[in-house]
Amino acid sequence: MSKPILETRDLAKNFGALAVTDNVNFALAPGARHAIIGPNGAGKTTLINLLTGALSPSSGSVYLAGGDITGMAEYQRVKNGIARTFQINTLFMGLSVIENLYLAISERMGVATSLVRPAGKDSAVMEEAVRILNILKLEEDSLTEIHELPYGRQRLVEIAIALALDPKVLLLDEPAAGVPTTESHIILDAVDSLPKDIAVLIIEHDMDVVFRFAERITVLVRGAILAEGSPDDIAANEEVQAVYLGEGSHD
Ligand SMILES: Nc1ncnc2c1ncn2[C@@H]1O[C@H](COP(=O)(O)OP(=O)(O)OP(=O)(O)O)[C@@H](O)[C@H]1O
Ligand SMILES: [Mg+2]
């Protein structure tokens, strides 16, 4: 594997006596398509929180492009290229899609902006906003206010905002959670069309999605890595089948 873009060494997190992250040595390659799977409560979200800096580890380290970021604040990690989407909405509901994007890109580029008439003032910002709209096929919703969009498309805008941060790494914790099954394909298609230079780490319970998307899979059980490998390796791993993958659950 090429030098990891994001890596943990002996990472541990305890909540009281509970070891929620148990000596995890994890590496994400640049441009990877990587999934973390594991039962409820396995510590998947906690691991993401340790990677983003939302949580501090009890011990161990986190590295971004080889540099130790264990003590780095969450917002600094974002500036350095680690973006995530949340399981909750963090959008400006009364603003349009393009206005939300425009604000996020302006902030990243350090362009002063006005909330009164933000859209269309700075052509570099606008070009970037349109580029991201295209990637996520949100062009038709550009002028729609967030609260008017179906929930699935709101989740898409969250991914768009994460892209507006110009990330090297995108962490997606159950991006289709709460989205009606009739709409979930919109999210999963968008995840499939993310730019190849961004490393994408996804947590997802739907094994069809995982096995279609991922080139590499890490199985987390009770805070520790049980197995890691290609989708074929993981599908054939008897231990993984025993603890997690039900019969035919990814066919
Ligand atoms: N702030 C906290 N304080 C105490 N225990 C916590 C805290 N956050 C998580 N836990 C516990 O840590 C364990 C792992 O939780 P985590 O949310 O990381 O699991 P998960 O793999 O994301 O599960 P799910 O698939 O249900 O989202 C669980 O037992 C949970 O109850
Ligand atoms: Mg979780």
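Worth pointing out:
- Any hit, region 198-209, residues being among the small types (Gly, Ala, Ser), touching a helix residue (DSSP H, G or I) at 6+ places or on another chain (Cβ under 6 Å) and outside the structural domain of Gly110 (by TED's automatic domain parsing): no
- Taking the numbered list (1) surrounded by fewer than 16 Cβ atoms within 10 Å (Cβ to Cβ); (2) not in a loop (DSSP other than H, G, I, E, B) in turn, Val209 passes all entries but (1).
- Selection within region 179-191: residues that are of a type outside the set (S, T, N, Q) and surrounded by fewer than 13 Cβ atoms within 10 Å (Cβ to Cβ). The member of this set that is modelled with the lowest pLDDT is Pro180.
- Subset of region 184-208 (residues that are charged (D, E, K, R) and touching a residue at least 60 places away in the same chain (Cβ under 8 Å)): Lys196, Asp197, Glu204
- The criterion of being over 17 Å from Leu101 (Cβ atoms) and of a type outside the set (Asp, Glu) does not hold for Val130.
- Residue that is assigned by TED's automatic domain parsing to the domain that holds Ile234, β-branched (Val, Ile, Thr) and without any contact (Cβ under 8 Å) to a residue 12 or more places away in the chain, where the choices are Thr218, Thr181: Thr181
- Exclusive hit being more than 16 Å from ligand 1 (Cβ to nearest atom) and farther than 10 Å from Arg33 by Cα, set Leu171, Leu188: Leu188
- Residue tally, condition away from ligand 2 (no atom under 16 Å from the Cβ) and buried (at least 18 other Cβ atoms within 10 Å of the Cβ), over region 35-56: 1
- Breaking point among (1) touching a residue at least 24 places away in the same chain (Cβ under 8 Å); (2) not hydroxyl-bearing (Ser, Thr, Tyr); (3) not assigned by TED's automatic domain parsing to the domain that holds Thr8, for Glu148: (1)
- Residues satisfying the stated conditions in region 176-207, i.e. more than 23 Å from Glu7 (Cβ to Cβ) and either touching a Ser or Thr at 6+ places or on another chain (Cβ under 9 Å) or within 16 Å of ligand 2 (Cβ to nearest atom) (or both): Ala176, Ala177, Gly178, Val179, His205, Asp206, Met207
- Only listed residue being farther than 26 Å from Asn237 by Cβ, among the small types (Gly, Ala, Ser) and modelled with pLDDT of 95 or more, chosen from Gly67, Gly16: Gly67
- Contact annotation: residue pairs with Cβ atoms under 6 Å, 6 or more positions apart or on different chains, pairing a residue in region 3-15 that is of a type in the set (S, T, N, Q) with a partner that is in a strand (DSSP E or B), are Thr8/Val24; Thr8/Phe26; Thr8/Val62.
- Annotation for region 234-250: at least one member residue is in contact (Cβ under 8 Å) with a residue 60 or more places away in the chain and within 16 Å of ligand 2 (Cβ to nearest atom).
The values are calculated or read from the model by the stated rules, or taken from the named source; none is laboratory data. This is a predicted model, so every value here is computed, not measured. Don't worry about glycine lacking a Cβ; one is built from the backbone with ideal geometry, like all the others, and counts go over all protein chains shown.
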